[in-house]
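Before any comments, here is the structure.
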Amino acid sequence: MTTPWHFLSLRDVDSATWQELLAQSEILSGARGRRPLLQGKRFGMVFFNPSLRTRTAFEVACSDLGASSVNLQVGGGLWSLEHRDGVVMDGPHAEHVKEGFAVLARMLDGLGLRSFASLSDAAADARDEVIRSAAAASSVPLLSLESAMDHPHQGLADALTVRRKVGERAKVVVTWAPHVKPLPLAVPHAATLAFAHEGHDVVLAHPPGFDLDEGVLQDASALAEAAGGSLSVSHDRDAAFDGARVIYAKSWGARGDYGAPETAAAAVQAHPEWIVDAAAMGRTDHGVFLHCLPVRRGVVVTDEVLDSPASGVIDQAAARLDVQKATLCRAMGVTA
Ligand code: CP
C-alpha cells in the first residue's frame, strides 16, 4: 500500500509543495474553482470542536468541485473516540480512532480531522497524538482541520492573503493579544510557519512566558532562512509594530500554565495593553490587520481597527475556500 498524502503540519511541507498549493489555490479561486474536477469523490470530516469557516469552506469546496461530503461531530451523534494506545476502554469512549478512521477510509476518498489542544499537558499536545493516531489508521489522505499543534489550511490562507494584499517580502508581525481564557498554539504556529515559508521578515511579538513550541520555532527559522527571510522574537510590542506591513493578531496561553486553568486565565488577562488599537496600528507602514477569526472585539482588537479599511480579516477567511479546494484536489490526485 502506498502512503497517502497526509496534510497535518506546515513543518512537513517542502518548498515545491508549498508553492504548488498556493498556485493551485489561485487557479481554483473564482469561476475556475466551480468545475467537477472531483466528480464522484467523497470527503469526510470529523470535528471534535466547533467550526464556522473550516467546515463551511470544505462543504462548499466539495460542492463546487462535484464531490460529496460527510460531516461528523463528536458529541453530536458520533461515538466518543479514544486515541491513546494500550488503554483499557472502560471509560466514556466507545470507539478507538484505529477502527473509526480505518472504517471511514474504506468508505471515503479523503478525510479531515479537527482536534484542539488539551491545554492540560504541554508534552502530550506537542506530540499531536489525536491527529497522528488517526493518520496512522487512515489508508486515504487525512487533512488537518486544526490539531493541537498546527492549523495548516489557516496558514495557507494567511500566506495567500498576504500575497494578494502586499505581494512582496515584508515585515510581518505575529502578535500575541489578550483574551479571557487561554487558547491553543496551533494558529500562531501555522502563521509563523506560513510566513517563514514565504520568506517574510517575521517578528513574533509576545510578553515573556508566552513562547511558542521550541521545535516549531527552530523549523520556522530554518524555513525563513531557506526562503530568504528571517524570524525574530520580541517582547517589545511597540518596536515590533514599527514599520510593519502586516499585523497578525492571535491570543494564546502560556505553556507553563497548562493544567492550571485559573492561573492560565489570569495570565492571558494580565496584559490588556497588548490589545491591537489604532495607536498601535499607527506605528506600522500602512499595515494590514489580520486575524484567523473568530475574534473577540474589544479584547483582542478594538472595533476601530476591525472596522477600518486596514482590516483584511474577511478576505483572509474567504481565502480558506481557495486553499481548501487546492488541498482537496491534491489529496484526490487531481491538478486543476
Ligand atoms: N479560523 C478558523 O479555523 O475558523 P473556524 O474555527 O470557524 O473553522
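The values are calculated or read from the model by the stated rules, or taken from the named source; none is laboratory data. As the structure is a prediction and not an experimental result, all values here were calculated from the model. All Cβ positions, glycine included, derive from the backbone under ideal geometry; neighbour counts span all protein chains shown. With ligands, DNA and RNA removed, areas are computed over all heavy atoms of the protein, side chains included. Shrake-Rupley method; radii C 1.70, N 1.55, O 1.52, S 1.80 Å.
Residue pairs whose Cβ atoms lie under 6 Å apart, separated by 6 or more positions or on different chains, with the first residue in the range 258-285 and closer than 15 Å to A205 by Cα and the second aromatic (F, W, Y), are A280/F241; R283/F241; T284/F241. Scan the range 117-128 and give yes if some residue there is touching a strand residue (DSSP E or B) at 6+ places or on another chain (Cβ under 8 Å) and surrounded by 19 or more Cβ atoms within 10 Å (Cβ to Cβ), otherwise no. Among the residues of the range 117-128, not one is touching a strand residue (DSSP E or B) at 6+ places or on another chain (Cβ under 8 Å) and surrounded by 19 or more Cβ atoms within 10 Å (Cβ to Cβ), which makes the answer no. Screening the range 149-171 for residues that are within 17 Å of L293 (Cα to Cα) and of a type in the set (A, V, I, L, M) and picking the one that is nearest to the ligand (Cβ to nearest atom) gives A157. Among the residues that make up the range 46-68, is at least one of them open to solvent by 60 Å² or more (accessible area, probe 1.4 Å), free of Cβ contacts under 8 Å to residues at least 60 places away in the same chain and in a loop (DSSP other than H, G, I, E, B)? Yes: one or more hits.
Using the structure shown, decide if Q19 is under 20 Å from Q154 (Cα atoms) and free of Cβ contacts under 8 Å to residues at least 24 places away in the same chain.
So Q19 passes the test.
Here is a check on your reading of the model: is S251 hydroxyl-bearing (S, T, Y) and buried (at least 21 other Cβ atoms within 10 Å of the Cβ)? Judged against the criteria, S251 is a match.
Listed here are the helices (runs of 4 or more DSSP H) enclosed by the range 271-336 that have at least 2 residues being surrounded by fewer than 16 Cβ atoms within 10 Å (Cβ to Cβ) and more than 21 Å from the chain's Cα centre (by Cα): 278-281, 303-306. One residue alone among A317, A336 is within 30 Å of K41 (Cα to Cα), within 16 Å of the ligand (Cβ to nearest atom) and either among the hydroxyl-bearing types (S, T, Y) or in contact with a Lys or Arg (Cβ under 9 Å, 6 or more places away or on another chain) (or both), and that residue is A317.
Out of the range 44-74, which residues are away from the ligand (no atom under 16 Å from the Cβ) and out of contact with any Pro (no Cβ under 6 Å at 6 or more places or on another chain)? I'd like the intermediate steps shown before the answer.
Narrowing the range 44-74 to residues away from the ligand (no atom under 16 Å from the Cβ): 44, 63-68, 70.
The answer is G44, S63, D64, L65, A67, S68, V70.
Filtered by the rule that a residue be open to solvent by less than 10 Å² (accessible area, probe 1.4 Å), within 15 Å of the ligand (Cβ to nearest atom) and among the aliphatic types (A, V, I, L, M), the range 178-193 gives L185, A186, V187, A190, A191.
Could you please let me know if D236 is on the phi < 0 side of the Ramachandran plot, loosely packed, with under 13 Cβ neighbours inside 10 Å and either out of contact with any helix residue (DSSP H, G or I) (no Cβ under 6 Å at 6 or more places or on another chain) or not assigned by TED's automatic domain parsing to the domain that holds V300 (or both)? The answer is yes for D236.
Could you say whether any residue in the range 14-22 is more than 23 Å from the chain's Cα centre (by Cα) and more than 16 Å from the ligand (Cβ to nearest atom)? Looking for residues that are more than 23 Å from the chain's Cα centre (by Cα) and more than 16 Å from the ligand (Cβ to nearest atom), one finds none in the range 14-22, hence no. If only residues of the range 75-115 that are β-branched (V, I, T) and open to solvent by 20 Å² or more (accessible area, probe 1.4 Å) are counted, the one that is nearest to V140 (Cα to Cα) is V103.
The lone criterion from (1) surrounded by fewer than 23 Cβ atoms within 10 Å (Cβ to Cβ); (2) within 10 Å of the chain's Cα centre (by Cα) left unmet by D213 is number (2).
Within the range 14-40, being assigned to a loop (DSSP other than H, G, I, E, B) and open to solvent by 70 Å² or more (accessible area, probe 1.4 Å) holds for D14, R34, R35, P36, Q39.
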